[in-house]
1. Taking θ as phi - 60°, what are the ³J(HN,Hα) couplings along region 52-69 by the Karplus curve (6.51, -1.76, 1.60), each to the nearest whole Hz, with x for Gly and Pro?
2. Ile202's amide H: which non-local residues (gap 5+, or another chain) put their own amide H closer than 5 Å, with H modeled 1.01 Å from N in plane and none for Pro or chain starts?
3. If Lys and Arg each add +1 and Asp and Glu each add -1, what is the summed charge of the other residues whose beta carbon sits under 12 Å from the beta carbon of Cys261?
4. Leaving out ligands, DNA and RNA, and with a 1.4 Å probe, what % of the accessible surface on the chain is carbon or sulfur?
5. Going from most exposed to least, what order do His207, His199 have by accessible area with a 1.4 Å probe?
6. Assuming R0 = 45 Å, what is the FRET efficiency of Val113 and Arg30, from their Cβ-Cβ distance, to the nearest 0.05?
7. Please get the size of the charge dipole for region 190-297, origin at its Cα centre, with Cβ charges of +1 on Lys and Arg and -1 on Asp and Glu, quoted in debye to the nearest 20.
8. Would you mind getting the accessible area per residue of the chain, heavy atoms of the protein chains only, 1.4 Å probe, in Å²?
Amino acid sequence: MQVLDRAGTGVSMSPSKAKRHHTSLDRLFRYAELLNYGDVHIKFDPATGLRAIVAINNLKRGPAIGGCRVIHYRSADDALEDALRLAYMMSYKAAINNLNHGGAKAVLMMPKVIKNREAYFEAFGNFVDELGGRYITAMDSGTSTSDMDIIARRTPYVTCTTGSGSGGDPSPHTAFGVYRALESAVKFKLGRDDLEGLHVAIQGVGHVGYFLAKALHEAGAKLTVCDVNEKSLQRCVEEFGAAVVAPDSIYDIEADVFSPCALGAILNLTNIKRLKVSAVVGSANNQLAHHHYGAALHERGILYAPDFLVNAGGLIQVAVIYDHADEKKAHEQIGNIYHTAMTIFETSKAENRATSEIAESMAVKLLR
Ligand code: NAD
C-alpha cells in the first residue's frame, strides 16, 4: 500500500524498511496523523454484508459532512486509505467555502452481491445514527436518492433524500461553481466581465463538463472539447457547435481557459509546459499531480483556480439544503465561489505565491 502525502499524490517510503518495521495499519495511522485526523469508525454487519468505514476528518466548524460511496475495493487498506484521503479533501472544500461543517466520508466495501439493499442501507443508517450527528451522510458513487431514503428510516443525519430539495445529481451545482470560478479568473486575468467569444478547452464532457459547456455556450463562449466517449462529444457538437480534438491534444490548444473536468493528476510538469492558456479552471479532483506543481503554473503565469474551491458546488448544495432547506441560499453560496477565488488570485499576486498554496493555507487556518 502506498502512503499518500497531503495532496494525495504519494510519499515514497522505503519498501524494505516499511516491510520490516511497519504493518499497513501503522502506515495508515501515520497517514491519518499527517492529515490531522480526527476519528475513523468501522462497522461490520455479517447479516447484510456491510463493511463500512466512516472517516471524520475535522469537527471544528461543525458536524462533518460527506458522501457515502459503495464501490469495489481490492483490500480494506485501499478502502481505508480512500476514506481518509476523501474526508480530508471534504474538510478543505467545506472550510474554504465557508460551510459550518467539517469533512467526512463513508466508504462501503461493496460485497459481491448486496442480497437485500434495504437491510444493507438500514444497517448503514444505524451506524450513522450511532455516531450521534458527528457525521451527516450524502450520495456519492454507487449510491442513489432511494438509498438515502432507506438510510433516513434509521437516522436524521442524512441528506440527498427524495424531497429534500437537494435533488439527485450534484453535477449542475458543481458546474455552476466552476462557471463562477471561471468568470472570476477571466475578470482577474483578462479584465473582462463577460465571456462572449472567450475560448475554453474542456477535458471531459460528462456530467459536470456538459453542464459547464452549456452555460459557457449560452454566455457566447467558443468551445473545444475532448472525451473518450463518442456520445458525449457528439452532444456537445450538436448542441453547442463545439470543436473536437483527440484527448491528448487538449493540452496544446491555444485558448483562454483550460477546464479539466475528467481526471485527477493531469497537471504534471510535461502537460503544464504544453499549456497555451491564461487560466486553468475545472471540476476534476486533485488536478495537480503533485501539490508543488501549483508553483510551476504560477511561474508560467497561468492562473490556477484551486480545484477544492472550484468543484465544491455539489457539496455546498447538499450542506445548505440540509441546514436551511433553502435553494436560493444554496445557489447564492455557490455563486460566492467567484469572490473567494478573487481573494485567492489577488493574494497570490500580492504575495507572489501560487494560488494552490494560498488556498491551502486559507483552508488550514479555517480548520484550526
Ligand atoms: P463523469 O464521469 O460524468 O465525466 C467525466 C468525463 O470524462 C466522461 O465523459 C469520460 O468519458 C471523460 N473522460 C475519461 N477519461 C478521459 C480522458 N482521458 N480524456 C478526456 N475525457 C475523459 O464525471 P463528472 O461527474 O462529470 O465529474 C468530472 C470530474 O469532476 C471528476 O474528476 C469528478 O471527480 C469531479 N467532481 C465531480 C463532481 C460532481 O458533482 N459530479 C463534484 C466534484 C468533483
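1. After applying 6.51 cos²θ - 1.76 cosθ + 1.60, I find 10, 10, 10, 9, 10, 7, 7, 10, 4, 8, x, x, 7, 10, x, x, 10, 9 Hz.
2. Thr224, Val225, Cys226, Ser259
3. -2
4. Numbers: 8150 of 15990 Å².
The nonpolar share, carbon plus sulfur, comes to 51 percent.
5. Details: His207 125, His199 25 Å².
Final ranking, largest accessible area leading: His207, His199.
6. 0.80
7. Magnitude of the dipole: close to 300 debye.
8. That works out to 43 Å² for each residue.
The values are calculated or read from the model by the stated rules, or taken from the named source; none is laboratory data. The model shown is predicted, which means the values in this text are computed figures rather than measured ones. Please note: Cβ atoms are built from the backbone with ideal geometry, for glycine as well, and neighbour counts cover all protein chains shown. Accessible surface areas use protein heavy atoms only, side chains included; no ligands, DNA or RNA. Shrake-Rupley method; radii C 1.70, N 1.55, O 1.52, S 1.80 Å.
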